[in-house]
Amino acid sequence: MIARLRQRLLALQRPPGITHGPDILPLGISAIDAALGGGLMLGALHEIAASGEVHLAAVTGFALGLVRLAAPAPRFFWIVEDMAVAESGALHGAGLDAFGLTPERHVTISVAHRRDLLWAMEEALRCRAVQAVIGEIRGGEIDSVAVRRLSHAAAESGALALLLRASPSNDASTAATRWIVHTSSAAGPHGPGAPRFVAHLVRNRRGPAGSWILEWSDSNGQFILATHTQPMATPALNRPHRQVA
Amino acid sequence: MRERDDARRRSAPLVITGKRGNVEILTAVDDAAEQLSLFPGLALAQARAMHPGIDVVAENTDADLALLESIADWCLRYTPLVACDAPDSLLLDISGCAHLYGGEQKLVADLRGRLENAGFAFSLAVAGTIGAAWAAAHHGEPASYACGEERAFLTPLPLSALRLPPTTLASLARVGLKCIGDIVDLPRAPLTARFGSEVLRQLNRALGHEHEPLTPRLPVAPYVAEQRFAEPIAREEDVLAITERLARRLQFAMERRGDGARRIELALFRTDGVVRRITAGTSRPLRNPGEIGALFVERLAALGDALDPGFGFDMARLSVLVAEPCQPEQIGGGEDAAELCRLVDRLSARLGARRVRRLVAQDSHIPELAEVALPAQTINDVAGWDVFHRYRKEAELSPRPLRLLTRPEPIETVAEVPDGPPLRFRWRRALHEVIAAEGPERIEGTWWSEHGGPARDYFRVEDKSGLRFWLFRAGLYRDLAQGAAAPTWFLHGTFA
């Protein structure tokens with residue numbers, strides 16, 4: 001009886017339309033989910049930096065994997081500076097399709113200035129029809145006020161907000177998590193392997209940091225832990241005479 | 001128009017000159033010069049000989065035309081049907097508009113007052129036909145003539161008032177026909193036989209026997225709402241408030257016909273005669289005033305200081321340039337689709353429609369042509385990807401890169417000849433050692449086209465540090481014997 005009343009009270013205290021606490025996006029890997037307190041927090045900003053510019057493709061893959069997990073057929077916006085498109089290429093529809101994302105539910109916005117990028121991200125985040133917003137910036141400082149605004153906008157709609165960077169930065173940021181990602185060798189005897197990344201969780205507001213080697217599995221559309229398939233310390237394929245399965 | 005520089009010459013009579021054929025002649029003269037009996041058409045050398053002190057300025061037809069067009073824009077405040085009749089005339093169709101000013105007389109008075117304030121010398125005439133109005137303004141007594149009076153006042157005017165080519169005028173003059181009255185009652189068949197059909201057509205048009213179409217400079221919008229202000233407005237908030245109020249008026253008109261706006265223009269008439277035109281596009285037919293207002297919030301924000309209200313705007317006009325039938329509810333979308341459209345509109349209004357794009361699959365097997373990014377506003381339904389998806393599954397297409405470079409970048413490679421993958425390559429000055437490769441996947445050039453380019457052999461390679469690239473060799477070694485260019489290598493994309 002008391003418990004039922006408590007539940008009713010709890011329901012009344014909640015403002016309408018808002019569910020209990022922020023939604024969580026589990027990555028499906030228990031070690032990471034435990035560190036993140038259940039999974040990646042939706043409705044918050046996450047920062048993913050490439051350890052160097054050449055690793056931007058890996059960062060894109062990691063981010064798109066998260067987007068893919070966020071919804072069955074997520075509608076996502078990719079907002080990028082003109083420079084970045086010229087340097088690193090634009091998202092390729094055929095590649096998106098292979099990644100399990102539907103290209104027709106994707107909108108690309110190219111902007112000339114950093115200011116416009118942050119504004120467009122904020123606008124897209126405030127829209128309830130958008131499940132994920134990815135902003136990609138080349139380098140340089142980013143205004144902490146802008147980051148806080150993005151976090152607020154994401155919290156309003158509960159969308160997944162990702163900020164990609166071409167290189168790690170040290171500036172103070174209110175992002176919920178901060179990752180540094182670089183690509184990892186996945187080559188086997190039959191050629192290049194599946195998308196594989198080393199993901200360092202360097203900042204986490206809800207738990208410890210950590211490092212994992214993840215692989216994106218196209219067939220079932222999720223991340224799998226690749227640590228056990230290949231040791232991280234020595235890239236075995238540097239020595240072709242020693243075949244490592 | 002050039003400013004005259006020093007005070008001494010300011011008092012000198014001013015003439016404008018231009019080259020006609022091989023002769024420099026006067027094209028326009030000011031009042032002082034006219035009193036010296038200089039007139040347009042006189043040779044410059046002759047004018048100089050008569051009055052060495054005149055100030056001579058070369059004509060600038062481009063600037064004249066630009067000025068005429070800006071005046072035409074400004075005249076949109078009276079009627080949407082304004083046509084430029086270069087070099088020096090404007091035609092306004094004021095049928096149905098005069099009552100807004102309280103009658104023709106008041107409209108003319110208003111126009112006269114404003115043009116005088118702006119410092120223009122002009123002559124205004126109102127008549128039932130374009131030809132009659134033109135004749136009255138250029139040759140007769142500028143005034144207002146009712147329909148049916150044309151014949152009476154055209155009779156004494158010279159034939160040049162009929163807008164005839166000079167050669168026709170000359171041949172008419174040769175036989176002593178100088179006034180319109182001379183030909184008005186002549187038998188028509190011989191007149192046409194001798195001087196061509198142009199004479200009769202112009203006469204009929206001036207008299208109102210034949211319809212003369214007016215080609216407006218700007219297309220006439222299907223829906224227009226406007227507002228004049230007793231006191232000019234300058235603040236952005238006021239402009240936005242008035243935009244919304246005008247949009248509300250348009251809403252009723254559009255609802256009645258079941259239309260929605262796809263392209264909207266806000267014209268702001270500045271007190272000094274400058275007209276600011278701001279357009280915004282929408283991704284679906286729109287008639288909600290709040291949403292239309294929101295588009296202009298972004299447009300004005302993007303303009304920033306470029307709006308430049310000066311001493312304020314004394315009139316605003318909102319016109320729907322393109323309207324489309326508007327379904328009460330979007331099919332298959334619901335609330336989400338509507339919200340997405342709003343977002344796309346807002347982003348496109350602020351950043352420009354070309355910057356907000358969606359990918360559309362194309363019917364091509366060349367990777368860079370297989371898709372095209374089109375403005376998200378213009379495409380409501382992105383089709384083609386499900387077909388591609390099925391094709392990719394059935395054909396077991398090898399993996400495609402996540403990011404494709406805007407154009408393939410040439411790389412230096414060491415590769416096995418003739419068909420092997422590269423062993424190492426240099427891209428953007430960095431050397432990559434290839435440890436694994438997959439391929440080749442041959443993509444033939446478009447052999448049916450001249451600019452098809454050679455066949456490409458694509459390889460998916462992974463380098464020592466784990467970076468995965470999409471490379472291709474353009475051209476085949478076996479074609480070398482037939483005189484083809486040596487194959488070259490390119491990097492086209494990157495895999496995650």
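Observations on the model:
- The combined condition, being more than 7 Å from every other protein chain (Cβ to nearest Cβ), in contact with a helix residue (DSSP H, G or I) (Cβ under 7 Å, 6 or more places away or on another chain) and without any contact (Cβ under 8 Å) to a residue 60 or more places away in the chain, is not fulfilled by A:GLU87.
- Restricting the stretch B:454-496 to residues that are surrounded by fewer than 23 Cβ atoms within 10 Å (Cβ to Cβ) and of a type in the set (Lys, Arg), the residue that is nearest to the other protein chains (Cβ to nearest Cβ): B:LYS464
- Counting the residues of the stretch B:230-289 that are of a type in the set (A, V, I, L, M, F, W, C), out of contact with any Asp or Glu (no Cβ under 9 Å at 6 or more places or on another chain) and in contact (Cβ under 8 Å) with a residue 60 or more places away in the chain gives 6.
- Residue within the stretch B:401-416 that is more than 23 Å from A:SER51 (Cβ to Cβ), buried (at least 16 other Cβ atoms within 10 Å of the Cβ), at pLDDT below 90 and not assigned by TED's automatic domain parsing to the domain that holds B:ALA373 present: yes
- Residue count for the stretch B:73-88 under the criterion of being outside any helix (DSSP H, G or I) and either within 19 Å of the chain's Cα centre (by Cα) or within 13 Å of B:ALA133 (Cα to Cα) (or both): the result is 8.
- Helices (runs of 4 or more DSSP H) contained in the stretch B:115-192 and holding at least 2 residues free of Cβ contacts under 8 Å to residues at least 12 places away in the same chain: B:166-174
- Within the stretch B:346-361, being more than 9 Å from every other protein chain (Cβ to nearest Cβ) and touching a helix residue (DSSP H, G or I) at 6+ places or on another chain (Cβ under 6 Å) holds for one residue alone: B:ALA349.
- Subset of the stretch A:89-120 [polar (S, T, N, Q) and more than 24 Å from A:VAL147 (Cα to Cα)]: A:THR102
- Check on B:ALA253, surrounded by fewer than 16 Cβ atoms within 10 Å (Cβ to Cβ) and at pLDDT below 90: no
- For the stretch B:298-325, filtering for residues that are under 23 Å from A:LEU117 (Cβ atoms) and buried (at least 17 other Cβ atoms within 10 Å of the Cβ) leaves 3.
- Residues in the stretch A:70-108 that are under 21 Å from A:ALA50 (Cα atoms) and not in a helix (DSSP H, G or I): A:PHE76, A:PHE77, A:TRP78, A:ILE79, A:VAL80, A:GLU81, A:GLY89, A:ALA90, A:LEU91, A:HIS92, A:PHE99, A:THR108.
- Restricting A:ALA98, A:ALA71, A:ALA35 to residues that are surrounded by fewer than 24 Cβ atoms within 10 Å (Cβ to Cβ), in contact with a helix residue (DSSP H, G or I) (Cβ under 9 Å, 6 or more places away or on another chain) and either acidic (Asp, Glu) or touching a residue at least 12 places away in the same chain (Cβ under 8 Å) (or both) narrows the list to A:ALA98.
- Condition check for B:GLU59: farther than 24 Å from B:SER319 by Cα and of a type in the set (D, E, K, R): yes
- At least 1 residues being basic (Lys, Arg), touching a helix residue (DSSP H, G or I) at 6+ places or on another chain (Cβ under 8 Å) and within 18 Å of A:SER185 (Cα to Cα) is the threshold, and among the strands (runs of 3 or more DSSP E) wholly inside the stretch B:394-496 those reaching it are B:468-474.
- Extreme residue, farthest from B:ARG299 (Cα to Cα), among residues of the stretch B:362-383 that are within 8 Å of another protein chain (Cβ to nearest Cβ) and out of contact with any His (no Cβ under 7 Å at 6 or more places or on another chain): B:ALA370
- Consider the stretch B:340-367 and keep the residues that are among the small types (Gly, Ala, Ser) and surrounded by 21 or more Cβ atoms within 10 Å (Cβ to Cβ). The one that is nearest to A:ILE109 (Cα to Cα) is B:SER348.
- Screening B:PHE269, B:PHE229, B:PHE296 for residues that are aromatic (Phe, Trp, Tyr), over 26 Å from the mean Cα position of the chain (by Cα) and not in a loop (DSSP other than H, G, I, E, B) leaves exactly one candidate, B:PHE229.
- Within the stretch A:187-205, if we keep just the residues that are more than 19 Å from A:ALA49 (Cα to Cα) and in contact with a helix residue (DSSP H, G or I) (Cβ under 9 Å, 6 or more places away or on another chain), the residue that is farthest from the other protein chains (Cβ to nearest Cβ) turns out to be A:GLY188.
- Only one of A:ILE142, A:ILE109, A:ILE134 that is out of contact with any Asp or Glu (no Cβ under 7 Å at 6 or more places or on another chain), β-branched (Val, Ile, Thr) and more than 11 Å from chain B (Cβ to nearest Cβ): A:ILE134
- The residues on offer are B:ARG424, B:ARG400, and the sole one that is basic (Lys, Arg) and more than 21 Å from A:THR108 (Cβ to Cβ) is B:ARG424.
- The stretch B:89-101 - residue that is within 19 Å of B:ALA136 (Cβ to Cβ) and without any contact (Cβ under 8 Å) to a residue 24 or more places away in the chain and, of those, surrounded by the most Cβ atoms within 10 Å (Cβ to Cβ): B:LEU92
- Identity of the residue in the stretch A:51-68, more than 10 Å from chain B (Cβ to nearest Cβ) and in contact with a Pro (Cβ under 8 Å, 6 or more places away or on another chain), that ends up nearest to A:PRO168 (Cα to Cα): A:SER51
- For the stretch A:114-121, the condition holds for at least one residue, the condition being that it is crowded, with 22+ Cβ neighbours inside 10 Å and touching an Asp or Glu at 6+ places or on another chain (Cβ under 9 Å).
- Condition broken by B:THR61, with the remaining ones in (1) surrounded by 13 or more Cβ atoms within 10 Å (Cβ to Cβ); (2) touching a residue at least 24 places away in the same chain (Cβ under 8 Å); (3) over 21 Å from B:ALA135 (Cβ atoms) satisfied: (1)
- Residue, surrounded by the most Cβ atoms within 10 Å (Cβ to Cβ), within the stretch B:130-141, restricted to residues that are under 18 Å from B:ASP93 (Cα atoms) and out of contact with any helix residue (DSSP H, G or I) (no Cβ under 6 Å at 6 or more places or on another chain): B:ALA136
The values are calculated or read from the model by the stated rules, or taken from the named source; none is laboratory data. Keep in mind the model is a prediction, meaning the values are calculated, not measured. Virtual Cβ from ideal backbone geometry, glycine too; neighbours counted across all protein chains shown.
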